[in-house]
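Notes follow the structure.
The values are calculated or read from the model by the stated rules, or taken from the named source; none is laboratory data. Since the model is a prediction, treat every value here as computed from it, not as a measurement. A quick note on method: Cβ atoms are made from the backbone with ideal geometry, for glycine too, and the neighbour counts reach across all protein chains shown. The accessibility values were calculated without ligands, DNA or RNA, using every heavy atom of the protein model including side chains. Shrake-Rupley method; radii C 1.70, N 1.55, O 1.52, S 1.80 Å.
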Amino acid sequence: GVLKLFEPLIGSIENVELSEMVNQKGEPLGMVPRKLVHKVNLLHRGIGMIVAKDRPILTPLCTSFPDLYMHRRTDTKRIFPSLYDMFVGGVSTAREDAKTTAAREVAEELGLERALTDPTMLSDPLFN
């Protein structure tokens, strides 16, 4: 199929994860192998968020800030390898909505597996 066209750029096309390339309005233009997203700097869908412990970061009459979760980036990252990061996020897979991407990334990067099964883990203001 069409994935064969990408083989010279990404190597093997077996088990290729697809992402959606988007225009400046975030509208999907087509699916491309995820490896190409950063390799050739394609505009794509993804998510980045700050994860707070026990309560939202901003609440009415907020007098203090909650603890924030952080994680250490893997040493194979192209940008800032092995450094600590206060943002949790990543590339959305093809046809994956923002809430699903967010839950997957929280589970993967912070080990908070409950995000995958408990919709209250992610605050709705992020997605409205």
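Quick notes on this structure:
- With respect to (1) under 24 Å from P33 (Cα atoms); (2) touching an Asp or Glu at 6+ places or on another chain (Cβ under 6 Å); (3) surrounded by fewer than 12 Cβ atoms within 10 Å (Cβ to Cβ), the lone exception for A107 is condition (3).
- Annotation note: of A107, A52, the sole residue that is at negative phi and touching a helix residue (DSSP H, G or I) at 6+ places or on another chain (Cβ under 8 Å) is A107.
- E96 satisfies every condition listed in (1) exposed (fewer than 15 other Cβ atoms within 10 Å of the Cβ); (2) within 19 Å of G26 (Cβ to Cβ) except (1).
- In the stretch 63-77, of all residues being hydrophobic (A, V, I, L, M, F, W, C) and in a loop (DSSP other than H, G, I, E, B), the one that is surrounded by the most Cβ atoms within 10 Å (Cβ to Cβ) corresponds to M70.
- Listed by first and then second residue, the pairs with beta-carbon distance under 6 Å, at least 6 apart or on different chains, first residue in the stretch 66-92 and closer than 19 Å to V106 by Cβ and among the acidic types (D, E), second open to solvent by less than 80 Å² (accessible area, probe 1.4 Å) and not in a strand (DSSP E or B), are D85/R73.
- Residue in the stretch 101-109 that is at pLDDT 90 or above, part of a helix (DSSP H, G or I) and among the hydroxyl-bearing types (S, T, Y) present: yes
- Some residue of the stretch 88-96 being under 30 Å from V16 (Cβ atoms) and in contact with a Phe, Trp or Tyr (Cβ under 9 Å, 6 or more places away or on another chain): yes
- Near pairs, Cβ below 9 angstrom, 6+ apart or cross-chain, from the stretch 36-55 (charged (D, E, K, R)) to any residue that is open to solvent by less than 40 Å² (accessible area, probe 1.4 Å) and modelled with pLDDT under 85: K39/I10
- Among the residues of the stretch 47-62, those identified as exposed (fewer than 15 other Cβ atoms within 10 Å of the Cβ) and under 30 Å from N23 (Cα atoms) are G48, I50.
- Of residues in the stretch 28-46 being of a type in the set (A, V, I, L, M, F, W, C) and part of a strand (DSSP E or B), the one most open to solvent (accessible area, probe 1.4 Å): L29
- Yes/no for R95 being at positive phi, in contact with a strand residue (DSSP E or B) (Cβ under 8 Å, 6 or more places away or on another chain) and either of a type outside the set (S, T, N, Q) or at pLDDT below 90 (or both): yes
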